[in-house]
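None of the figures in this text is laboratory data; all of them are computed from the coordinates on show. Because the structure is a prediction, the values reported are computed rather than measured. Please note: Cβ atoms are built from the backbone with ideal geometry, for glycine as well, and neighbour counts cover all protein chains shown.
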Amino acid sequence: MRVMVINGGPRRAGNTTKVLGWLASDLADGGHEVDAVHLADQEIRGCISCFGCKREGTGFNCILKDDGTDLLSRIKAADATVLGAPLYFWEFPAKMKALIDRCFCLAAGYGSDEHRSALDGKALALAVTCGGPMEGNADLIVEAYQRIAAFLRADAVGELVVTGTTHEPKDLPEDARDKTRALAEAISTRAG
Ligand SMILES: Cc1cc2nc3c(=O)[nH]c(=O)nc-3n(C[C@H](O)[C@H](O)[C@H](O)COP(=O)(O)O)c2cc1C
């Protein structure tokens, strides 16, 4: 299966990059095709609420033309997508938030019997690194991820939250590597 691994943080050699590198290599070792992207290299505008994607016949496509257009296509083509990010003010950092908002085009009819999505039944996972703890801190992004999965009619297959980081990736907590393996396993198991 194809797994899109998105790094939504700005640091090229930071904690999130290190953890997502482990995850990508675990997935590749499991025989999966990994499509990795770092949003630091991408130009992505946020959603402008034009509702162009809701017009008849647009087929779950965003009408904005930038790197986000290609990323949305790659997300649709993948069997599973990993939202990877450092925790910023209890939530996703800016570029990842811009991409998530652009995912507005991928579903329609939320909250009604007409709810449908281009990601229906696909796997969605979360991989976060943060300096603080889970409770009263990273729990908010986990909740947001679960709601995003529900909006997209995707299966929330698992979340990896590496707490207690410093600015130095070499000092990642000891359990970070095992937690990463567990997420790779959860993605593999669910998405076949
Ligand atoms: C702007 C900013 C906001 C942050 N907000 C939080 C936060 O709300 N909670 C937390 O635990 N850590 C917070 N942190 C710390 C980072 O999430 C943490 O150091 C993370 O592992 C950095 O990952 P990176 O090395 O990939 O950038 C923040 C860091 C920055 C720069």
Test: residue in the range 39-62 that is of a type in the set (A, V, I, L, M), under 15 Å from Ala125 (Cα atoms) and within 16 Å of the ligand (Cβ to nearest atom): no
Hey, Leu71 surrounded by 19 or more Cβ atoms within 10 Å (Cβ to Cβ), within 16 Å of the ligand (Cβ to nearest atom) and hydrophobic (A, V, I, L, M, F, W, C) or not: no
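Results for (1) under 23 Å from Ile187 (Cβ atoms); (2) touching a residue at least 40 places away in the same chain (Cβ under 8 Å); (3) surrounded by 23 or more Cβ atoms within 10 Å (Cβ to Cβ), shown as yes or no for each residue.
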position: Pro86; (1), (2), (3): yes, yes, yes
position: Glu91; (1), (2), (3): yes, yes, no
position: Ala107; (1), (2), (3): yes, yes, no
position: Arg116; (1), (2), (3): no, no, no
position: Pro133; (1), (2), (3): no, no, no
position: Asp139; (1), (2), (3): yes, no, no
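So, in the range 141-153, how many residues would count as being touching a residue at least 24 places away in the same chain (Cβ under 8 Å) and more than 10 Å from the ligand (Cβ to nearest atom)?
7
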Residues (within 16 Å of the ligand (Cβ to nearest atom), in contact with a Gly (Cβ under 6 Å, 6 or more places away or on another chain) and of a type outside the set (A, V, I, L, M, F, W, C)) located in the range 85-111: Pro86, Pro93, Lys95
Hits in the range 14-40 (condition: touching a residue at least 12 places away in the same chain (Cβ under 8 Å) and not hydrophobic (A, V, I, L, M, F, W, C)): Gly14, Asn15, Thr16, Thr17, Lys18, Asp26, Gly30, His32, Glu33, Asp35, His38
First in the range 158-169 and polar (S, T, N, Q), second anywhere and more than 7 Å from the ligand (Cβ to nearest atom), Cβ under 7 Å, 6 or more apart: Thr163/Pro133; Thr163/Met134; Thr165/Leu172
Filter pass, Lys179 being under 20 Å from Gly30 (Cβ atoms) and either polar (S, T, N, Q) or in a helix (DSSP H, G or I) (or both): yes
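Condition check ((1) under 17 Å from Phe104 (Cβ atoms); (2) surrounded by 15 or more Cβ atoms within 10 Å (Cβ to Cβ)) across all residues:
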position	(1), (2)
Met1	no, yes
Ile6	yes, yes
Leu20	no, yes
Leu23	no, yes
Leu27	no, yes
His38	no, yes
Thr58	yes, no
Asp66	yes, no
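Okay, residues lined up against (1) closer than 18 Å to Ala156 by Cα; (2) in a helix (DSSP H, G or I):
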| residue | (1), (2) |
| --- | --- |
| Gly21 | no, yes |
| Leu27 | yes, yes |
| Val34 | no, no |
| Ile44 | no, no |
| Phe60 | no, no |
| Asp70 | no, yes |
| Ser73 | no, yes |
| Leu83 | yes, no |
| Cys103 | yes, yes |
Test set (1) buried (at least 22 other Cβ atoms within 10 Å of the Cβ); (2) of a type in the set (A, V, I, L, M, F, W, C); (3) within 16 Å of the ligand (Cβ to nearest atom) - Ala125 fails condition number: (3)
Scan of the range 157-192 for residues that are surrounded by fewer than 19 Cβ atoms within 10 Å (Cβ to Cβ) and more than 16 Å from the ligand (Cβ to nearest atom), ordered by number: Asp178, Arg181, Ala182, Glu185, Ala186, Thr189, Arg190, Gly192
